[in-house]
Amino acid sequence: MRESKKTTGDFRVIDSIDHEVIVKMADRGVAPRSAEIVIRDEDIWHAQRDKKMGALPWAWIEKLPENIANPRAIILDTSEANKPALLYVLDLPGPATAKLVLKLDYVVVIKGGDGVKRKKTMNILRTGQTIKEIEALNQPGFEIVKGGLK
């Protein structure tokens, strides 16, 4: 995909939302249907498109399952009504920081082996970027549910 810039509709589960985070989300009435974290090739492309400012390094993206396992912080984003998300704040090599957006209970259409399209609800890692000012993540509607920004 990196060279061809084409997507195939592939997706895979790369991790799960931490149990502690799920409990805190449930306490706030926003727990997702599943704890699975899914990445689709089209979302990687979206995050890495040519015009994307602050695109994450490809070498880091290629190791996303291991990189997402130890976030510096996980932030619950309830700034958009009825569309909660989790923001994963992760350290990149050097002084840089990554922010990944996990869209919760995101409805996608999947074409099955029988050729029939079906709707499926997933937690999708939709986009990501490098951020310079980590303190910009301190804003209304954002609550740290695991870790910290320091």
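Looking only at the stretch 121-150, how many residues end up being assigned to a loop (DSSP other than H, G, I, E, B) and of a type in the set (A, V, I, L, M)?
Going through the stretch 121-150 one residue at a time, the tally reaches 1.
If I filter the stretch 48-101 down to residues being acidic (Asp, Glu) and out of contact with any Ser or Thr (no Cβ under 7 Å at 6 or more places or on another chain), which single residue comes out as modelled with the lowest pLDDT?
ASP50
State yes or no: is ILE134 of a type in the set (Val, Ile, Thr), out of contact with any His (no Cβ under 8 Å at 6 or more places or on another chain) and modelled with pLDDT under 90?
The answer is yes for ILE134.
Can you pull out every residue in the stretch 65-110 that is within 28 Å of ARG28 (Cα to Cα) and either of a type in the set (Val, Ile, Thr) or in a helix (DSSP H, G or I) (or both)?
Residues satisfying the conditions are PRO65, ASN67, ILE68, ILE74, ILE75, THR78, VAL89, THR97, VAL101, VAL107, VAL108.
For every residue, the table says whether it meets (1) of a type outside the set (D, E, K, R); (2) touching a Gly at 6+ places or on another chain (Cβ under 6 Å); (3) in contact (Cβ under 8 Å) with a residue 12 or more places away in the chain; (4) buried (at least 19 other Cβ atoms within 10 Å of the Cβ).
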site	(1), (2), (3), (4)
THR78	yes, yes, yes, no
LEU102	yes, no, yes, yes
VAL107	yes, no, yes, no
ILE124	yes, no, yes, yes
GLY128	yes, no, yes, yes
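The values are calculated or read from the model by the stated rules, or taken from the named source; none is laboratory data. Computed from a prediction, not measured in an experiment: that's the story for all the values here. Glycine gets a Cβ as well: all are built from the backbone with ideal geometry, and neighbour counts include every protein chain shown.
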